[in-house]
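The values are calculated or read from the model by the stated rules, or taken from the named source; none is laboratory data. What you see is a predicted model, and the numbers here were worked out from it, not measured in a lab. In this analysis, Cβ positions are derived from the backbone assuming ideal geometry, glycine residues included, and neighbour counts consider all displayed protein chains. Ligands, DNA and RNA are excluded from the accessible area calculation, which covers all protein heavy atoms including side chains. Shrake-Rupley method; radii C 1.70, N 1.55, O 1.52, S 1.80 Å.
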Amino acid sequence: MRLLAIVGIGTVFQAFQALAIAPKVKDGSSRSQTVSSDALKAGRKYLITSFPQLKQVAYTILPDNVWRPLVLGEVSSPTAIAVDPLSSRLFVADPPKNIIWWYQLGLTNAGFLQTTGKQRAAVEGFSAHWLAVNGAGDLYFSGHPASKNGSVADSIWRLDNEQIVNGDTFNPTEVYTRANTGQPDPKVWELSGLAVDSFYIFWGNQAGGTKHGSVSKGTRANIGLQSQDMFVTTLDDALEEVRGLTTSGTEIFWLAREGVYGQIKTTSAKVSDPQVGLISPPHSLDWNPMSISWDGSSQLYFTDANEGTIYTVPSLLAMQQEMVKFADAPYCHGIAILLGTGSS
């Protein structure tokens, strides 16, 4: 069943129900036979997308656009998502519940992706809005304690892999805030997308970007650096509002009302011209870009929340190209790509 033209919540929900892989059981797992989570088929790429209004997360096996739902258990509004490819974990932010959930991912014998085991909380007591995972399995998120709703700005937090494994859900570490990213114009202001690599944390601001930085980066705080070696710097201040971010091995990419942007991660010159780094202009004046992910080789995929569509464009910095529609995805929000073992 190819979902090439979906309209309306009811239609999408019925489609997801029809494509359900296995019945839901009390612990939120699947009854179908699974294989080890480290046995993801070589070369396969699973594009995972959240649908908050449907309380669903679904996936396609690239390059196909057939949607199949994942069993989540009880969730209120799954928004931001992230994947840990080494441990085959899926993280799902659920702001109304003030929880970030995590799920073990595995495959059926037929090669379909599914959640296995119990629905688990990674972080509790925090309103989280954007997620990222580093190569060590540490979870990063933007948000604030639920007890301070409306009284504090979002900060960048980290929950170490060891805490996830041990079920320590209430003690993330606050990494970057308005207070420690520069004065009088802190580089953490109104946080949007997050990305992280072996050395740096990258973030955007969804307001005040021309003053506080559209896109900034800071050194990671848990890699053994001395305090004098840590720093925060602005990469781009040309855009007032930035949404989702993603990284490749050498580049960082982000979404804005003005289009899809990218630049080399190690650049030392701040960009202040909105035409510099523009990879693809918007397909329409009313587009509402939200989340973006790199496929591990040559393509970027991103959600347009207004149109309910996922678009794609090559991850090339050398020339502008038009974005191409990949799939209908009404009410889509977050996006992440899980790379099977052997993917480039």
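Quick look at the values:
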item	result
In segment 65-77, residue farthest from the chain's Cα centre (by Cα) [restricted to those that are under 16 Å from Cys332 (Cβ atoms) and open to solvent by 20 Å² or more (accessible area, probe 1.4 Å)]	Arg68
Selection from segment 130-181 of residues that are polar (S, T, N, Q) and more than 19 Å from the chain's Cα centre (by Cα)	Ser147, Asn149, Ser151, Gln163, Asn166, Thr169, Asn171, Thr173, Thr177, Asn180, Thr181
Matching option when the condition is in a loop (DSSP other than H, G, I, E, B), open to solvent by less than 50 Å² (accessible area, probe 1.4 Å), over 25 Å from Val57 (Cβ atoms) and hydrophobic (A, V, I, L, M, F, W, C), among Leu239, Leu235, Leu317	Leu239
Qualifying residue in segment 263-270 (condition: surrounded by fewer than 22 Cβ atoms within 10 Å (Cβ to Cβ), touching a strand residue (DSSP E or B) at 6+ places or on another chain (Cβ under 8 Å), at pLDDT 95 or above and hydroxyl-bearing (Ser, Thr, Tyr))	no
Residue count, segment 243-259 (criterion: free of Cβ contacts under 8 Å to residues at least 60 places away in the same chain, assigned to a strand (DSSP E or B) and either in contact with a Lys or Arg (Cβ under 9 Å, 6 or more places away or on another chain) or open to solvent by 60 Å² or more (accessible area, probe 1.4 Å) (or both))	4
Conditions (1) within 15 Å of the chain's Cα centre (by Cα); (2) farther than 30 Å from Pro145 by Cα; number of the one not met by Leu62	(1)
Filtered residues of segment 80-115 (kept if crowded, with 22+ Cβ neighbours inside 10 Å and outside any strand (DSSP E or B))	Ala80, Ser88
Among the candidates Ile292, Ile310, Ile279, residue that is farther than 14 Å from Leu47 by Cα and in contact (Cβ under 8 Å) with a residue 40 or more places away in the chain	Ile279
Residue match in segment 116-125 (condition: under 25 Å from Thr247 (Cα atoms), at pLDDT 95 or above and not in a loop (DSSP other than H, G, I, E, B))	yes
Hits in segment 184-207 - residues which are over 21 Å from Leu278 (Cβ atoms) and surrounded by 15 or more Cβ atoms within 10 Å (Cβ to Cβ)	Pro186, Lys187, Val188, Trp189, Glu190, Leu191, Leu194, Val196, Asp197, Tyr200, Ile201
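A quick yes/no check of all residues on (1) open to solvent by 20 Å² or more (accessible area, probe 1.4 Å); (2) of a type in the set (Gly, Ala, Ser); (3) under 27 Å from Ser216 (Cα atoms); (4) touching a residue at least 60 places away in the same chain (Cβ under 8 Å):
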{"residue": "Gly117", "(1), (2), (3), (4)": "yes, yes, no, yes"}
{"residue": "Arg120", "(1), (2), (3), (4)": "yes, no, no, no"}
{"residue": "Ala128", "(1), (2), (3), (4)": "no, yes, yes, no"}
{"residue": "Asn134", "(1), (2), (3), (4)": "no, no, yes, yes"}
{"residue": "Leu139", "(1), (2), (3), (4)": "no, no, yes, no"}
{"residue": "Thr173", "(1), (2), (3), (4)": "yes, no, yes, no"}
